[in-house]
Amino acid sequence: MNVRTGEFVLVVTLGGVAAAGFAQPRIAWSDRFDGPDRGEDVAYHMTVDGAGNVYVLGTTATPDTDDDIIVIKYDRGGRIAWFYQYDGPGHGEDVAIPIFLDEEGNVYVAGWSYGGPETQRDMVTIKIGPDGQEVWAARYNGPANRDDYLYGVHAIALDEDGHVYVIGNSVGSSGYYEAVTLKYDADGTESWVHRRVGPPNTHAFGWALALSDSDEVYVAGDGRNPNTNSADVTLVQYDVDGNFNWINYYDGAGGSDDGPYDMEMGPAGDLYVVGISRNVGGDIDAATWKVAPDGQLIWDAYFDAASGPEYAFDLEVGDDGSVTTVGSLNDRWGNQDTLTLRYDTNGQLLWMRTFDHPNWFGKDELFYVQLGSDGSVYVIGESWNGWNDGINAIAIKYLPDGTQDWLYEYNSPGSGDDAFFSLAVDGFDNVYTTGVSLGEGRTADVITFKLVQNDCSGLERISSVRCKAKGGKGKATVKLDGGVPNDPFEVQLDSGPQAGGSLNGKGKAKVKFKDLPLGQDTATATWPCGARDARAFECG
């Protein structure tokens, strides 16, 4: 495996009036990943755990097997902890889009994989253990032995018992696509499968799913509405055993074609669906639907800038039931700009924001959105910045009222095209982004960043804890590193003792405790800037 790091060009600007809040983001760490065969590498999705480890899902191109699925785990300091690669039995294109992490550190990814000329493209779901080793890989080949795939960051979900649910699309015996919902047991055994067939001679698609607290399965898709004869958004509910409960169709205000890109469940169990809807004039509008758990439409909202198509690709629901969507629009000059919309829980538009580079008429769009601890909005995507820079990767932070707090822009060496495709925000409002970069004289590589917004380095950690038993008591040494030189800190043990001090000139410190009870204990280090790390240890 060949990994290259560094070589970044950064532009950070403050958009609009300066706002109260965090300082401008700083790079805690960054990585440029070039796969084992130095081919095209792309990241599609990411997640972060409570310890600050980062998991990046993507593909790497190989000379003999086309694209393979890859997962890269970075530790909190940006070092690669492990690397996983999957090549299907047909040694062709293998791609995964959604990634999910359970509480035990197992990683789940799903996508499609070439199975050979007999089965062509199959759906694949993979479980990877905390050590990066494959636990199981389950493949699904539909009855037609043709095209089976899934697409979307919310195409996978887990319940509390470790069952895995995925939604995808599969060519049926009729030759048309059918929406396929699969449930796997914790060991990867297929529990049940449900194929939703559309009206005769039509397709039925599924793009996203969500689970209720009682494990009812909701699937958002699209298909021909038998009542309107247009392609409309569909929402299907299955019970925990895969039995069909109901299907509802949602026809937009224009009475024409509508389609979803994503779905998320809100705090009250309502479903929020985001996508597109064709209006009465035939143009495409960004659309949002809020649906009750029984399938009844609560409200729908359509955004039309009256100057061309508007798209909504992703959404995030707040604790108060508000919803933020991201995508793109065409302005009155035909220029494609980013689009961020925030609605309250009743569907009233609170604010709308766009972004483009002044004086450049190019493509700007957003792909993903996350919310911070205070309701701030973080969005990522790509933006055209003229012939010298080309397409740059961008991340923008908006405060809860829509004020732009900062813009982070990445332009690779050689000014090749760059884009961020996924985003994560941890409990300390550290921001993680990943995507693809085409550097000078290179094939595309995966790029991943950790950005910090406070006075922390973003690398603070407990590097080790050692405890020795003597005379029926324990003596522990806790080592810290990665901090800002001379910063104060505190270390608290679950067993009671506490100590503090200041880091040395290298951002390190050593704290000793004695007369500790034997057995299990945990050390928790905190820094005034907001950083926190914990490590379990045992005395005796």
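The values are calculated or read from the model by the stated rules, or taken from the named source; none is laboratory data. All values reported here derive from a predicted model rather than from experimental measurement. Backbone-built Cβ (ideal geometry, glycine too); neighbour counts: all protein chains shown.
Return yes or no: is residue 98 under 30 Å from residue 50 (Cα atoms) and modelled with pLDDT of 95 or more?
So residue 98 fits the description; yes.
Does residue 62 count as modelled with pLDDT under 95 and hydroxyl-bearing (Ser, Thr, Tyr)?
The answer is yes for residue 62.
Hey, residue 212 hits all of (1) without any contact (Cβ under 8 Å) to a residue 60 or more places away in the chain; (2) more than 21 Å from residue 368 (Cβ to Cβ) but one; which does it fall short on?
Against the list (1) without any contact (Cβ under 8 Å) to a residue 60 or more places away in the chain; (2) more than 21 Å from residue 368 (Cβ to Cβ), residue 212 comes up short only on (1).
Just to verify a result, which residue in region 55-106, among those that are aromatic (Phe, Trp, Tyr) and under 16 Å from residue 125 (Cα atoms), is nearest to the chain's Cα centre (by Cα)?
Checking each candidate, the answer is 100.
Among (1) crowded, with 19+ Cβ neighbours inside 10 Å; (2) more than 36 Å from the chain's Cα centre (by Cα); (3) free of Cβ contacts under 8 Å to residues at least 60 places away in the same chain, there is one condition residue 503 misses while meeting the rest; what is its number?
Of (1) crowded, with 19+ Cβ neighbours inside 10 Å; (2) more than 36 Å from the chain's Cα centre (by Cα); (3) free of Cβ contacts under 8 Å to residues at least 60 places away in the same chain, only one is false for residue 503: (2).
Output the number of residues of region 398-425 satisfying the condition of being surrounded by fewer than 19 Cβ atoms within 10 Å (Cβ to Cβ) and at pLDDT below 95.
Of the residues in region 398-425, 3 are surrounded by fewer than 19 Cβ atoms within 10 Å (Cβ to Cβ) and at pLDDT below 95.
Of the residues that sit in region 217-238 and are modelled with pLDDT of 95 or more and hydroxyl-bearing (Ser, Thr, Tyr), which one is surrounded by the fewest Cβ atoms within 10 Å (Cβ to Cβ)?
238
I need the full set of residues from region 506-532 which are under 34 Å from the mean Cα position of the chain (by Cα) and closer than 28 Å to residue 472 by Cα, in order please.
Residues satisfying the conditions are 521, 522, 523, 524, 525.
Residue 391 passes all but one of (1) under 30 Å from residue 319 (Cβ atoms); (2) among the β-branched types (Val, Ile, Thr); (3) surrounded by fewer than 24 Cβ atoms within 10 Å (Cβ to Cβ); which number fails?
Of the numbered conditions (1) under 30 Å from residue 319 (Cβ atoms); (2) among the β-branched types (Val, Ile, Thr); (3) surrounded by fewer than 24 Cβ atoms within 10 Å (Cβ to Cβ), the odd one out for residue 391 is (1).
Give the number of residues within region 476-492 that are within 17 Å of residue 466 (Cβ to Cβ) and surrounded by fewer than 21 Cβ atoms within 10 Å (Cβ to Cβ).
Residues meeting the conditions: 3.
For region 416-455, how many residues are in contact with a Pro (Cβ under 7 Å, 6 or more places away or on another chain) and of a type in the set (Gly, Ala, Ser)?
Residues meeting the conditions: 1.
For (1) part of a strand (DSSP E or B); (2) outside the structural domain of residue 44 (by TED's automatic domain parsing); (3) buried (at least 23 other Cβ atoms within 10 Å of the Cβ), each residue gets a yes or a no:
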site	(1), (2), (3)
182	yes, no, yes
210	yes, no, no
215	no, no, no
240	no, no, no
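Table: residues versus (1) free of Cβ contacts under 8 Å to residues at least 40 places away in the same chain; (2) in a strand (DSSP E or B); (3) of a type in the set (D, E, K, R).
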{"residue": "338", "(1), (2), (3)": "no, yes, no"}
{"residue": "342", "(1), (2), (3)": "no, yes, yes"}
{"residue": "346", "(1), (2), (3)": "no, no, no"}
{"residue": "364", "(1), (2), (3)": "yes, yes, yes"}
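Kindly indicate whether residue 452 is among the β-branched types (Val, Ile, Thr), in contact with a Lys or Arg (Cβ under 6 Å, 6 or more places away or on another chain) and either farther than 18 Å from residue 313 by Cα or outside the structural domain of residue 262 (by TED's automatic domain parsing) (or both).
yes
How many residues are assigned to a loop (DSSP other than H, G, I, E, B) and not aromatic (Phe, Trp, Tyr) when one looks only at region 483-540?
Residues in region 483-540 being assigned to a loop (DSSP other than H, G, I, E, B) and not aromatic (Phe, Trp, Tyr): 22 in total.
Taking region 49-61 only, how many residues are buried (at least 22 other Cβ atoms within 10 Å of the Cβ) and part of a strand (DSSP E or B)?
Of the residues in region 49-61, 7 are buried (at least 22 other Cβ atoms within 10 Å of the Cβ) and part of a strand (DSSP E or B).
Out of region 62-80, which residues are of a type in the set (Ser, Thr, Tyr) and either surrounded by 21 or more Cβ atoms within 10 Å (Cβ to Cβ) or in a strand (DSSP E or B) (or both)?
Scanning region 62-80 gives 62, 74.
Quick check, is residue 148 touching a residue at least 24 places away in the same chain (Cβ under 8 Å) and of a type in the set (D, E, K, R)?
Considered against the rule, which asks whether it is touching a residue at least 24 places away in the same chain (Cβ under 8 Å) and of a type in the set (D, E, K, R), residue 148 comes out as yes.
Please pick out the residue among 397, 479 that is assigned to a strand (DSSP E or B), assigned by TED's automatic domain parsing to the domain that holds residue 527 and either in contact (Cβ under 8 Å) with a residue 60 or more places away in the chain or not polar (S, T, N, Q) (or both).
479
Which residues, taken from region 233-270, are under 26 Å from the mean Cα position of the chain (by Cα) and over 14 Å from residue 293 (Cβ atoms)?
Passing the criteria: 233, 234, 240, 258, 259, 260, 261, 262.
Just for region 441-492: of the residues that are of a type in the set (A, V, I, L, M) and within 28 Å of the chain's Cα centre (by Cα), which one is farthest from residue 32 (Cα to Cα)?
462
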